[in-house]
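Beneath this line is the structure, given in structure tokens, with notes to follow.
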Amino acid sequence: MSLIAFVAAASLLTITPGLDTAMVLRVATSSGTRPALMAGLGVALGCLVWGIAASLGLGAVLRASELAYNLIKWSGAAYLCWLGINLLLHPRTNLTDGMTSSMASASKALRQGFLTNILNPKVGIFYVTFLPQFMPPSGHLVQYALLLTSIHAMLTVLWFSILAMATAPLLRLLKRPRFLSVIDRLTGGLFIAFGLKIALSKAR
């Protein structure tokens with residue numbers, strides 16, 4: 001029953017809009033389905049890293065150490081603000097701006113998705129506080145925690161794949177330079193807001 005409860009809870013948390021959702025939607029509407037799928041995969045890889053770290057006890061260290069938390073927090077905030085400022089100052093007027101090839105676009109999206117997730121210490125705190133609620137009272141706790149983490153990562157990939165494919169029709173509208181520029185600036189402002197939110201957040 002605990003596994004079923006975890007799948008239900010993790011599914012609800014996965015579809016709740018947040019920074020990762022904003023990242024994937026931005027890539028989907030500006031670069032296409034394949035890069036968006038890679039961005040979602042990057043987010044899922046970040047979840048796996050955080051989940052493994054929490055399972056091995058590193059998440060508890062992050063929660064206990066103000067210095068470790070702040071280092072990751074400020075790195076993540078700086079990265080998001082950097083992305084946001086670039087979008088505000090240099091919005092695209094063409095879907096192919098800044099893309100040397102579809103492969104380069106996909107690899108960049110994968111990297112952005114991963115960094116957006118891994119540089120948010122709140123994800124680590126989430127795993128430390130969320131996973132124990134669904135752990136069995138005894139047994140192979142580390143292995144079970146890794147199982148739950150893998151399930152969450154798969155749910156993340158599934159959800160972002162659905163989002164990526166659902167936004168594909170918007171590409172016709174995004175062929176309009178004015179609309180694409182507005183979307184980039186709006187997304188840039190959103191990334192800066194998320195960055196400031198992370199910078200002002202506390203570990204607990």
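The values are calculated or read from the model by the stated rules, or taken from the named source; none is laboratory data. These numbers come from a predicted model, not from an experiment. Cβ coordinates were reconstructed from backbone atoms using ideal geometry, including for glycine residues, and neighbour counts include every protein chain displayed. The area values use the complete protein model at the heavy-atom level, side chains included, leaving out ligands, DNA and RNA. Shrake-Rupley method; radii C 1.70, N 1.55, O 1.52, S 1.80 Å.
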For the stretch 155-204 the number of residues that are open to solvent by 40 Å² or more (accessible area, probe 1.4 Å), of a type outside the set (A, V, I, L, M) and modelled with pLDDT of 75 or more is 5
When Leu89 is run through (1) surrounded by fewer than 20 Cβ atoms within 10 Å (Cβ to Cβ); (2) modelled with pLDDT under 80; (3) under 25 Å from Leu200 (Cα atoms); (4) of a type in the set (A, V, I, L, M), the failure sits at (2)
Residue hits (the stretch 14-37; open to solvent by 30 Å² or more (accessible area, probe 1.4 Å), in contact (Cβ under 8 Å) with a residue 40 or more places away in the chain and more than 16 Å from Leu83 (Cβ to Cβ)) are Ile15, Thr33, Arg34, Leu37
**OP:** Taking Gly76 as the residue in question, decide whether it is part of a helix (DSSP H, G or I) and under 20 Å from Val182 (Cβ atoms).
**Re:** no
Within the stretch 115-137, residues farther than 20 Å from Phe191 by Cα, open to solvent by 30 Å² or more (accessible area, probe 1.4 Å) and not β-branched (Val, Ile, Thr) come out as Phe126, Pro132, Gln133, Met135, Pro136, Pro137
Cβ pairs under 6 Å, 6+ apart or interchain, first in the stretch 183-199 and at positive phi and in a helix (DSSP H, G or I), second open to solvent by less than 20 Å² (accessible area, probe 1.4 Å) and of a type in the set (A, V, I, L, M, F, W, C), ordered by first then second residue, are none
Residues in the stretch 42-56 that are at pLDDT 90 or above, open to solvent by 20 Å² or more (accessible area, probe 1.4 Å) and touching a Ser or Thr at 6+ places or on another chain (Cβ under 9 Å) total 1
